[in-house]
Amino acid sequence: MIIIPVYNKQLISDGKLYFQTDEFKKAGGRAVQGEKVVLVQNRYRQDRNEMTGDNYYPIGVSGVLSEISSDGYVVITVKNRVNIDEFSVDDKHNIELTISKRPDSDEPDPEAEAEILAGLKTEVKSLSSRFQYAGFINTLIDSMSTVGELMAALSFWMKTSNEDTYNILKEDQPQAAP
């Protein structure tokens, strides 16, 4: 299992997350296609060698490293949110954790989600049309299939605090049963 600490990156409960290969290897130590990955959101901006057992939020995501591209990026196909039940860092900066799967949330209405996604894509394309990289952004936006993927892909450009990105992940949860 590869453990990747992240800071101020929007984690999603399903979909694909992209990392530069070098960034991924620095954070996790290795990149092995097909291996399970757990992403842990740090509370503070710290390198892996500075982390302590109290520098994480209690909810993360797990998935599989599904692609290592020769173009310099890796793709993680996220499967679900997880509770981080135990977290420790040893003297060699190895992270050990115990996780448990969070219950799946109720699926949103597919038609409503498609309508929201289409509206977001239109708005982002409109905003990016003023910039020289609009073609690149439009191609990226067109490849997104969920609202979560779009948010994660654009999180680098959004001015959202680390705490807010975590709160979005935290609130993406099932409602209590009646």
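Here is how the numbers come out for the structure above:
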read-out: Considering residues of region 120-145 that are of a type in the set (D, E, K, R) and surrounded by fewer than 14 Cβ atoms within 10 Å (Cβ to Cβ) only, the residue nearest to the chain's Cα centre (by Cα); value: Asp142
read-out: Residue among Val75, Val40, Val64, Val32 that alone is assigned to a loop (DSSP other than H, G, I, E, B) and either among the hydrophobic types (A, V, I, L, M, F, W, C) or at pLDDT 90 or above (or both); value: Val32
read-out: Any chance Leu120 is over 30 Å from Glu35 (Cβ atoms) and out of contact with any strand residue (DSSP E or B) (no Cβ under 8 Å at 6 or more places or on another chain); value: yes
read-out: Residue selected from region 74-119 under the condition farther than 23 Å from Asn49 by Cα and hydroxyl-bearing (Ser, Thr, Tyr), by the criterion surrounded by the fewest Cβ atoms within 10 Å (Cβ to Cβ); value: Ser100
read-out: Residue match in region 6-20 (condition: under 20 Å from Ala153 (Cα atoms), of a type in the set (Ser, Thr, Tyr), modelled with pLDDT under 90 and in a strand (DSSP E or B)); value: yes
read-out: Condition met for Glu23 (over 20 Å from Asn8 (Cβ atoms), acidic (Asp, Glu) and within 16 Å of the chain's Cα centre (by Cα)); value: no
read-out: Any hit, region 106-117, residues being without any contact (Cβ under 8 Å) to a residue 40 or more places away in the chain, part of a strand (DSSP E or B) and within 19 Å of the chain's Cα centre (by Cα); value: no
read-out: Within region 7-46, considering residues that are under 11 Å from Gly63 (Cα atoms) and of a type in the set (Gly, Ala, Ser), the one surrounded by the fewest Cβ atoms within 10 Å (Cβ to Cβ); value: Gly34
read-out: Which listed residue is of a type in the set (Gly, Ala, Ser) and either loosely packed, with under 11 Cβ neighbours inside 10 Å or in contact with a Phe, Trp or Tyr (Cβ under 6 Å, 6 or more places away or on another chain) (or both), from Gly63, Gly53; value: Gly53
read-out: Qualifying residue in region 103-110 (condition: at pLDDT 90 or above and among the small types (Gly, Ala, Ser)); value: no
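The values are calculated or read from the model by the stated rules, or taken from the named source; none is laboratory data. What you see is a predicted model, and the numbers here were worked out from it, not measured in a lab. Note that each Cβ is placed from the backbone with ideal geometry, even for glycine, and that neighbours are counted across all protein chains shown.
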